[in-house]
């Protein structure tokens with residue numbers, strides 16, 4: 001039995017960063033039991049999962065969910081680092 005899922009995610013201005021970060025993961029399948037296609041949408045990305053069974057589908061969705069969270073957290077950390085340095089670098093006084 002083939003199992004399929006489609007996840008559409010609204011990412012706004014971060015769409016390109018997510019596409020670039022997921023690129024290496026989509027070029028080589030996680031397993032021979034599942035394939036994932038990532039495509040750009042008007043507001044974000046769509047992930048199309050196709051697997052040989054429900055277990056492989058669940059596993060591939062979980063892996064991509066973890067990568068999406070890691071990308072999001074990395075972008076948040078970069079954003080907060082950049083905003084804290086906007087006023088110029090400050091150094092503690094001795």
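The values are calculated or read from the model by the stated rules, or taken from the named source; none is laboratory data. Computed from a predicted structure; not experimentally measured. So basically every Cβ, Gly included, is an ideal-geometry build from the backbone, and we count neighbours across all protein chains shown.
When you scan region 54-68, do you find a residue that is in contact with a helix residue (DSSP H, G or I) (Cβ under 7 Å, 6 or more places away or on another chain), outside any helix (DSSP H, G or I) and at pLDDT 90 or above, even just one? Looking through region 54-68, none of the residues is in contact with a helix residue (DSSP H, G or I) (Cβ under 7 Å, 6 or more places away or on another chain), outside any helix (DSSP H, G or I) and at pLDDT 90 or above.
The residue that is nearest to residue 10 (Cα to Cα), counting only those in region 47-66 that are loosely packed, with under 14 Cβ neighbours inside 10 Å and touching a residue at least 24 places away in the same chain (Cβ under 8 Å), is 54. In the set (1) modelled with pLDDT of 90 or more; (2) in contact with a helix residue (DSSP H, G or I) (Cβ under 6 Å, 6 or more places away or on another chain), residue 42 fails one condition alone, (2). Could you tell me whether region 69-84 includes any residue that is touching a strand residue (DSSP E or B) at 6+ places or on another chain (Cβ under 9 Å), surrounded by fewer than 16 Cβ atoms within 10 Å (Cβ to Cβ) and either closer than 17 Å to residue 6 by Cβ or at pLDDT 90 or above (or both)? The answer is no; no qualifying residue exists.
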